[in-house]
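The values are calculated or read from the model by the stated rules, or taken from the named source; none is laboratory data. The structure displayed is predicted, hence computed values, not measured ones. Counting neighbours? That spans all protein chains shown, and the Cβs are built from the backbone with ideal geometry, glycine included. Accessible surface areas use protein heavy atoms only, side chains included; no ligands, DNA or RNA. Shrake-Rupley method; radii C 1.70, N 1.55, O 1.52, S 1.80 Å.
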Amino acid sequence: MGIGNVGTSDAALVRRVQAGDTGAYADLVARYRDRLGRYALHMLGNREDAEEVLQDAFVRAYRSLARCDDPERFGAWLYGILVNRCRTAGARATRRARRFVHDPAALETAPLAGPDGQAEWDDTVRWALARLPSESREAFLLKHVEELEYEDMARLTGAGVSALKMRVKRAREQLQAMLKEAERV
Amino acid sequence: MFNPVDDAVERIARHLRRPVQIDPALDGRVMREISALPAPGRATLGGEVWRWLRRPHQFTLTPLGGLVAAAALTVGVLLYRMASTPPAPPQGESRAFQFVLVAPRATHVELVGDFNDWDATRTPMRRTGREALWTAVVPLVPGRYHYAFFVDGSRWLADPSAPVARDEDYGQPSSVLTVGGGS
């Protein structure tokens with residue numbers, strides 16, 4: 001799966017916004033809210049931060065819409081803005097020495113622990129993801145969750161394909177090791 | 001073949017791929033914030049030109065026009081080839097390269113790099129001789145490859161006999177091998 005394959009209606013909406021129809025932007029926000037929100041939530045591990053970053057990304061995209069050279073690929077362009085905002089927010093969180101905290105809202109909406117231990121698994125996955133270095137987490141999410149091609153990831157992140165492959169590989173190994181650790185506890 | 005790493009990673013990825021619902025009130029917050037901003041306006045002339053160049057186009061040529069266009073293209077290509085640097089070396093057949101690491105205390109070593117997608121399961125190195133030489137032979141076509149040795153499942157080593165890749169690109173030590181196109 002690539003990125004930005006969202007059809008011509010994106011381009012039509014972008015052109016309407018560029019022509020002064022601000023209301024058309026609401027359709028773009030609604031269209032991309034949940035998908036981009038998923039990336040931000042997994043990347044930052046916190047719903048409040050994810051929504052703040054997502055809102056910021058949408059506003060920045062609006063401000064820069066005149067520089068969106070290819071409205072057909074608005075989705076990919078917007079994704080790039082979000083990835084950058086998540087990096088900035090992640091660095092800020094690191095400077096604050098903030099620890100990974102559970103997201104109460106997500107826990108409330110998470111499935112109840114069933115016979116298969118769904119809630120525990122959810123906690124374990126988020127715990128492991130939060131312990132990955134941010135570059136590895138970013139590469140892992142883009143590759144295995146957003147299912148982007150390495151070339152698309154390179155365009156979004158500015159990193160080389162080789163570097164991205166290495167980060168994904170490291171992330172996979174670290175996640176595997178952390179799962180083993182969690183299973184021992 | 002069953003691979004426990006792939007299985008665990010796939011379980012995690014499947015879990016994370018589940019749809020996430022973001023509070024729809026976010027839409028309202030975004031729209032309120034942008035209502036105070038000036039309209040973004042249209043793309044710049046440069047952006048429009050760039051977009052036009054990237055779009056596929058269809059042209060209709062008369063036979064005479066086609067001949068003229070073909071002649072102009074031929075002249076253009078000839079001029080370009082005369083003015084440009086010598087052409088790149090021809091793509092050659094793959095050649096076998098032997099990678100060697102001395103690691104007396106290692107229990108297992110894998111060769112990882114661009115040529116095997118950094119997959120540690122694909123190119124295990126063989127221990128030979130008393131000096132604990134670890135070797136692997138890989139067929140490579142001309143190109144530039146980054147690679148590293150993965151020792152005992154935890155330690156990354158760059159090749160001490162090869163140029164080192166810039167650290168900031170990888171976060172781990174790695175080396176660069178350039179395979180030429182000549183014989």
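Grab the beta carbon distance between B:A36 and A:A26, set R0 = 22 Å, and tell me the FRET efficiency rounded to 0.05. Could the numbers behind the result be given before it?
On the way: r = 15 Å, r/R0 = 0.69.
Calculated transfer efficiency: 0.90.
Hey, what's the range B:95-179 come to in accessible area per residue, 1.4 Å probe, Å²? Working shown, then result.
Details: 4610 Å² over 85 residues.
Solvent-accessible surface per residue comes out at 54 Å².
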With a point put 7 Å past each Cα toward its Cβ, work out how far A:D69 is from A:R184 in nm, to one decimal. 5.1
Order by accessible surface, 1.4 Å probe, largest leading, for residues A:D49, B:D7 comes to B:D7, A:D49
Suppose we compare each residue of the range A:65-85 in its chain alone and in the full protein complex with a 1.4 Å probe; which ones drop by at least 20 Å² of accessible area? A:A66, A:D69, A:D70
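Between chains A and B, what is the buried accessible area summed over both chains (1.4 Å probe, protein heavy atoms, nearest 100 Å²)? Provide the component values of the computation, followed by the final result.
Values: alone 10770 and 14790 Å², together 20650 Å².
Roughly 4900 Å².
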I'd like the accessible area for A:E48: 1.4 Å probe, protein heavy atoms, all chains in place, Å² to the nearest 10. 140
How much solvent-accessible surface does B:F115 expose, in Å² to the nearest 10, with a 1.4 Å probe and all protein chains in place? 40
Could you pull the accessible area for B:V164 with a 1.4 Å probe, rounded to 10 Å²? 90
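Heavy atoms only, probe 1.4 angstrom, no DNA, RNA or ligands counted: give me B:L78, A:L44, B:L101 ranked by accessible area, highest first.
Values: B:L78 100, A:L44 35, B:L101 10 Å².
Correct descending sequence by accessible area is B:L78, A:L44, B:L101.
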Quote the Stokes-Einstein diffusion coefficient, in whole µm² s⁻¹, for the range B:95-179, based on the Kirkwood radius over alpha carbon pairs, a temperature of 20 °C and a viscosity of 1.002 mPa s. 166
Of the accessible area of the range B:95-179, with the probe set at 1.4 angstrom, what percent is carbon plus sulfur? 51
Listing of the range A:122-142 residues, each with accessible area lower by at least 20 Å² in the full protein assembly than in the chain alone (probe 1.4 Å): A:D122, A:V125, A:F140
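For the pair B:R105 and A:E147, what calculated FRET efficiency results from E = 1/(1 + (r/R0)^6), where r is the Cβ-Cβ distance and R0 = 30 Å, to the nearest 0.05?
Details: r = 40 Å, r/R0 = 1.34.
Step by step, r from the Cβ atoms, then E = 0.15.
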Probe 1.4 Å, all protein chains present, accessible-area order of A:K180, A:K143, largest first: A:K180, A:K143
